[in-house]
1. Using a 7 Å offset from the Cα along the Cα-to-Cβ direction at both residue 141 and residue 112, what is the distance between the two label points in nm, to one decimal?
2. Can you put 61, 93 in order, fewest other beta carbons within 10 Å first?
3. Would you calculate the separation in nanometres between label points at residue 133 and residue 164, each defined as 7 Å from the Cα along the Cα-to-beta-carbon direction?
4. Checking the a/c ratio against 1.5 first, then a/b against b/c, what shape does the Cα gyration tensor give for the range 51-145?
5. Can you put 136, 101 in order, fewest other beta carbons within 10 Å first?
6. Relative contact order (percent) for the range 76-131, with alpha-carbon contacts under 8 angstrom and 6 or more residues of separation?
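We did not get these values from a lab; they are worked out from the coordinates using the rules stated. On a predicted model such as this, the values are computed, not experimentally measured, just so you know. Note that each Cβ is placed from the backbone with ideal geometry, even for glycine, and that neighbours are counted across all protein chains shown.
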């Protein structure tokens with residue numbers, strides 16, 4: 001029995017006893033990279049080092065099809081099996097070029113990265129297209145001037161992806 005699953009990542013179970021009671025948290029896909037790195041599309045990560053979450057994580061399972069669609073795999077990109085604070089630490093040390101997370105904005109790791117002007121968030125310019133290819137994804141727009149801290153107020157609207165709720 002799995003009482004909690006990340007929305008959109010479970011394999012279909014032919015058992016009618018599995019019921020979704022709703023969504024507990026808003027958890028979009030965050031992709032952080034160093035400020036000024038000129039990473040405008042996922043395909044710009046080809047040939048770089050990226051942290052996509054630990055083996056078996058929901059983040060990793062969500063991200064792998066996106067990387068594949070953009071021609072990114074372990075033969076042309078160094079994919080690091082690291083998530084959470086270890087991935088953020090590796091990003092700070094310059095050991096990875098980008099780190100992927102599916103988490104709420106209240107996560108201490110996300111808050112710290114958002115507040116640090118050394119990092120930027122990837123804007124999913126092709127979010128609408130991804131949602132057409134992957135029905136378990138939905139597009140979310142983050143308005144300009146959002147922030148968890150007035151010191152790091154962001155001036156651009158950002159497009160995100162997130163797991164879609166299934167009812």
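1. For the pair residue 141/residue 112, the computed spacing is 3.3 nm.
2. Final ranking by Cβ density, sparse to dense: 93, 61.
3. 1.5 nm
4. oblate
5. Ranked by crowding around the Cβ, least crowded first: 136, 101.
6. This gives 22 percent for the range 76-131.
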